[in-house]
1. Exactly one condition in (1) more than 27 Å from residue 263 (Cβ to Cβ); (2) surrounded by fewer than 19 Cβ atoms within 10 Å (Cβ to Cβ) is not met by residue 197; state its number.
2. Find the strands (runs of 3 or more DSSP E) located wholly in the stretch 91-202 whose residues include 3 or more that are over 30 Å from residue 74 (Cβ atoms), and list them.
3. Any idea which residue in the stretch 85-122 is surrounded by the fewest Cβ atoms within 10 Å (Cβ to Cβ), counting only those that are among the polar types (S, T, N, Q) and over 20 Å from the mean Cα position of the chain (by Cα)?
4. Scan the stretch 35-51 residue by residue and report those that are modelled with pLDDT of 60 or more, out of contact with any helix residue (DSSP H, G or I) (no Cβ under 6 Å at 6 or more places or on another chain) and closer than 24 Å to residue 131 by Cα.
5. Scan the stretch 122-143 and give yes if some residue there is closer than 21 Å to residue 224 by Cα and without any contact (Cβ under 8 Å) to a residue 12 or more places away in the chain, otherwise no.
6. Could you list, in sequence order, all residues of the stretch 203-216 that are more than 22 Å from the chain's Cα centre (by Cα) and in a loop (DSSP other than H, G, I, E, B)?
7. When you scan the stretch 53-84, how many residues do you find that are on the phi > 0 side of the Ramachandran plot and of a type outside the set (A, V, I, L, M, F, W, C)?
Amino acid sequence: MKRGHKRSNIVTMDRKIATLVAFTVISLCLMSSEMQQVVAAPPKGYLDPASTNYQVINTTVPEKYFCLARGRCHFHFLSCPKECPLRKPPLNLTNVKACFVDCSSRCETTCKHRIPNCNGYGSVCYDPRFVGGDGVMFYFHGANGGDFALVSDDQFQINVHFIGTRPEGRRRDFTWVQALSVMFDSHTLIISARKVAKWDDHFDALSINWNGKDVIVPTDGDAVWTDGDEPVAVVERTGLFNSAKVTILDGLIQMDVKVVPITKDDDKMHGYNIPEGNAFAHLETQFRFGNLTEHVEGILGQTYRPGYVSPVKRGVAMPMMGGEDRYRTSTLLSTKCVSCRFNRPVTPTEEKSAPLKLAQAK
């Protein structure tokens, strides 16, 4: 009996040890998985290439998609919600939401307006008001006629050109983003708001220039312009007038763009004292980035760095971001500034480029 009892105790202890070892292994695996998820978690405003890796199964309503991205959504079928059954609603229906397909780990379809969200990550709107990749809102003074590096990284640079006005007695300009340039490889895409005397919702004040030539984005069919059969730049209208979605290098950069004026209500509320004969048409934009380095620079770009801590003062009505001296460029097409990272061979166009002339309404 004693031997049997002893053997039973040994067996029980072996089982307990085996259970403890198994529990420990499982716990370590779970911890490792969680740590990998934490490490791999993309920053806010990051564009996961997997999100758009899908095939359209049908074009009936609602549209359906087959996800090709690896991971949780691999080989899943997704359908658009009834509230937004189409990815591309008719361009004349400006207030209708579109279906957004996400085949990343989110594995979902959602309804959104196809215009910049001025309260979302990566937005640049108003005079000018930013929301960084860290989610912190801030303002940037700039200067009327000034050019600054918005994002400067190893693969590309985005500059912005400011227009503005300074009422009598004010020490600084009121400024807005009138144009932006996207420079990558040997290419340059310029998106700008035409100068118009009086705003008209049915006039297209959005101007697109590719490598020095103006391009026209069609309003029929898919309403898409590309630079070639294997495009590195895609501009898609999201409305009949004044709004578009831009994609560079298959998602390295994505932006929603809209041209808007300074309204009479804006002028009265903020005391801009806008002169007659100029609607001060400007851009509202929201950016998403697919592959930024940890050393990215620029007024907006710096906010996407891992561990970035914003220096702006919290809890005030207009938290201001400095850096005018670090990010000022000589022209809209210059890649040179104190803290700029992007480099490419200087082209004759860049060497001789004069201050940007505003695109005029025709």
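1. In the conditions (1) more than 27 Å from residue 263 (Cβ to Cβ); (2) surrounded by fewer than 19 Cβ atoms within 10 Å (Cβ to Cβ), residue 197 misses (1) alone.
2. 123-125, 129-131, 137-139, 147-152, 156-165, 174-184, 187-193
3. Just the residues of the stretch 85-122 that are among the polar types (S, T, N, Q), to begin with: 92, 94-95, 104-105, 109-110, 117, 119.
Applying the additional criterion that residues be over 20 Å from the mean Cα position of the chain (by Cα) yields 92, 94-95.
Details: 92: 10, 94: 17, 95: 6.
Step by step, filter the stretch 85-122, then rank; the result is 95.
4. If the condition is that a residue be modelled with pLDDT of 60 or more, out of contact with any helix residue (DSSP H, G or I) (no Cβ under 6 Å at 6 or more places or on another chain) and closer than 24 Å to residue 131 by Cα, then 48, 51 are the ones that fit.
5. Checking the stretch 122-143: not a single residue is closer than 21 Å to residue 224 by Cα and without any contact (Cβ under 8 Å) to a residue 12 or more places away in the chain.
6. Selection gives 203, 204, 212, 216.
7. So the count comes out to 1.
To keep it simple, each residue is scored yes or no on (1) touching a His at 6+ places or on another chain (Cβ under 9 Å); (2) of a type in the set (A, V, I, L, M, F, W, C); (3) at pLDDT 95 or above.
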| residue | (1), (2), (3) |
| --- | --- |
| 118 | no, yes, yes |
| 124 | no, yes, yes |
| 133 | no, no, yes |
| 148 | yes, yes, yes |
| 161 | no, no, yes |
| 166 | no, no, no |
| 170 | no, no, no |
| 178 | yes, no, yes |
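The values are calculated or read from the model by the stated rules, or taken from the named source; none is laboratory data. Source: prediction; values computed, not measured. A quick note on method: Cβ atoms are made from the backbone with ideal geometry, for glycine too, and the neighbour counts reach across all protein chains shown.
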